[in-house]
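Here's the structure we're looking at; comments come further down.
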Amino acid sequence: MATSSLSSLTVAFSSLSFSSHVSSSNKTLYSPWIRRRRTASPLLWNSPTAIASSTSSFPIAAVSSGAAVSTEDLEGVSLEKYVKSRLPGGFAAQRLIGTGRRKCAIARVVLQEGTGKLVINYRDAKEYLQGNPLWLQYIKTPLLTLGFESSYDVFVKAQGGGLSGQAQAISLGIARALLKVSENHRSPLKKEGLLTRDSRIVERKKVGLKKARKAPQYSKR
């Protein structure tokens, strides 16, 4: 009885042998991973290299391919190219340059003969300063004082602080750059107080006080 069951099992295994179902031709077995490796496009599109290469050329590549790009991107690219074309060698290589500071803000200003354009960090000044009339007045005052509002283009690199501090730093930078045009500009600029560096900053907090001078409420008991 045992021998008959063993013989039947042997026959069953021989019928299910792997070699009988494999073709004799030299073909590889199907595998979904092999197919993905051959095409490779779905995997490589999500790689960091592909993402970096695609974002580095935007929006220039998108414009050339005819894709839809917002007007803000187009204006940013065109303004940056415009500034670099007007300032060969960068800001440091220019002749009419001035540096202004206010609180924590620092502004490097370059003047070029032009029609009165104001560009801050590769953006239009009105857009950068959020259309605030007071801040725009700060940066226009030195040019208006000398009557040069439509004679020079102003290019600015500003960093640190807030928009108010940056606007006042730009004003000082423009005034200092105008001195390099002519020393005769010193008298009218100084009369308006545009050459004075405003040194006022926030007073530091004191130990035991809530702020610089504000003390905790007094309690008798």
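No value in this document is a laboratory result; all are computed from the given coordinates. None of the values given here were measured: they were computed from a predicted structure. Neighbour counts are summed over all protein chains in view; Cβ atoms, including those assigned to glycine, are modelled from backbone coordinates with ideal geometry.
For the reader, a short list of remarks on this structure follows.
- Calculated FRET efficiency, T196 to Q130, Cβ-Cβ distance, R0 = 22 Å: about 0.25 to the nearest 0.05.
- Around G98: net Lys/Arg minus Asp/Glu count, Cβ-Cβ under 10 Å: +3
- Zero-based 5 Å bins, Cα pair distances in segment 113-166, whole percents: 5, 19, 30, 28, 13, 4
- FRET efficiency for L209 and K180, using Cβ-Cβ distance with R0 set to 41 Å, rounded to 0.05: 0.35
- Ordering of 214-220, 150-156, 169-175 by burial proxy (mean other Cβ atoms within 10 Å per residue, highest first): 169-175, 150-156, 214-220
- Cα gyration tensor of segment 95-221 - equivalent ellipsoid semi-axes, whole Å, descending: 35, 16, 12
- The GluC sites (Glu not before Pro) of segment 135-221 meeting both criteria, a DSSP state outside H, G, I, E and B (loop) and at most 12 other C-beta atoms within 10 angstrom of the site's C-beta, are E203.
- Entries of K103/K140; K157/K190; K81/K126; K81/K103; K84/K140; K140/K180 with Cα pairs more than 27 Å apart: K81/K103
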